[in-house]
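Student: Shown below is the structure under consideration.
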Amino acid sequence: MQTAISDISDEQLVLLLLNEDRDAFTEIYERYWKKLLGMAIYKTNDKEVAQEIVQELFVSLWEKRKTTVIQNLENYLFVSLKYLIIHHLKRVIAERKLVNTEGVEIPNEPTEILTAQALQNAISQAVEQLPDKTQLVFRMSRFEEKSHKEIAEFLEISEKAVEYHITQSLKFLKSELKEFLI
C-alpha cells in the first residue's frame with residue numbers, strides 16, 4: 001500500500017524535493033503557502049507585494065533545492081520569508097531616499113536611474129557645503145525625519161532657529177540643484 005504524498009512528513013518531503021520530485025514541491029506549497037502569505041501580508045500591509053514575496057520564496061526553494069540544507073522545513077520557510085521581507089523593505093527605503101528635498105519622487109525607470117543617482121550625488125555635495133549647524137539641522141529634519149521640536153531640544157536651540165536653518169538649507173539647495181528642478 002502506497003502512502004499518499006499528503007501523509008508524508010516534512011523531512012521526507014525535503015528528501016523527495018532533493019530528487020526533483022515535483023509532487024513533493026507541490027505538497028510543500030500546499031501546506032505552507034497560506035501561512036506564509038498571511039505572515040507576509042501582516043508584515044508588508046500589501047497583498048500584492050506579499051504574494052510576490054511568497055512566490056519568490058517558492059521559486060528560490062525550487063531553484064536551490066540541491067544546494068540548501070533544510071533541517072526543519074517550516075522554520076526554513078519562515079526564516080527565508082523574514083529575510084525576503086527585510087530585503088523588500090530595504091528596497092522600499094532605498095527608493096524613498098530617491099526623493100528630492102521638494103518631495104518630488106524620482107521616476108524609477110531604468111533610463112532615469114542615472115539621473116536619480118546624479119541628483120542624489122548633487123544633493124549630498126550641496127548638503128556638505130552647508131554650514132555645520134545648518135547641515136546638522138537639515139540632516140536631522142530630512143534624513144532622520146525628526147520634528148522641529150525634537151531637533152530644537154537635541155541641539156538646545158529654539159524651534160524658530162530650527163525653522164531658520166531649514167529655510168536656509170532649502171534656499172541653498174534650490175539654487176545649487178536648479179538644473180534638476182526644471
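Student: Suppose the filter is surrounded by 14 or more Cβ atoms within 10 Å (Cβ to Cβ), touching an Asp or Glu at 6+ places or on another chain (Cβ under 9 Å) and at pLDDT 85 or above; does L37 pass it? Break it down into steps so the answer makes sense when it comes.
Tutor: On the way: surrounded by 14 or more Cβ atoms within 10 Å (Cβ to Cβ): yes; touching an Asp or Glu at 6+ places or on another chain (Cβ under 9 Å): no; at pLDDT 85 or above: yes.
Against the criterion (surrounded by 14 or more Cβ atoms within 10 Å (Cβ to Cβ), touching an Asp or Glu at 6+ places or on another chain (Cβ under 9 Å) and at pLDDT 85 or above), L37 does not qualify.
Student: Would you mind listing the helices (runs of 4 or more DSSP H) fully within the stretch 125-182 where at least 1 residues are under 22 Å from A94 (Cβ atoms) and not small (G, A, S)?
Tutor: Because the criterion is at least 1 residues that are under 22 Å from A94 (Cβ atoms) and not small (G, A, S), the helices (runs of 4 or more DSSP H) in the stretch 125-182 that meet it are 132-138, 159-176.
Student: Tell me, which residue of the stretch 139-182 that is without any contact (Cβ under 8 Å) to a residue 24 or more places away in the chain and surrounded by 17 or more Cβ atoms within 10 Å (Cβ to Cβ) is nearest to Q129 (Cα to Cα)?
Tutor: Filtering first and then ranking leaves M140.
Student: How many residues are part of a helix (DSSP H, G or I), of a type in the set (S, T, Y) and surrounded by 14 or more Cβ atoms within 10 Å (Cβ to Cβ) if we restrict to the stretch 58-80?
Tutor: Number of matching residues: 2.
Student: Quickly run through the stretch 1-34 and pick out the residues that are among the charged types (D, E, K, R) and exposed (fewer than 15 other Cβ atoms within 10 Å of the Cβ).
Tutor: Passing the criteria: D7, E11, E20, R22, D23, E30, K34.
Student: Could you list, in sequence order, the residues of the stretch 7-22 that are in a loop (DSSP other than H, G, I, E, B) and of a type outside the set (S, T, N, Q)? Working first, answer last.
Tutor: Applying the first criterion (in a loop (DSSP other than H, G, I, E, B)) to the stretch 7-22 yields 8-9, 19-21.
Hits for the stretch 7-22 are I8, E20, D21.
The values are calculated or read from the model by the stated rules, or taken from the named source; none is laboratory data. Just so we're clear, the structure is a prediction, and the values are computed from it rather than from any experiment. So basically every Cβ, Gly included, is an ideal-geometry build from the backbone, and we count neighbours across all protein chains shown.
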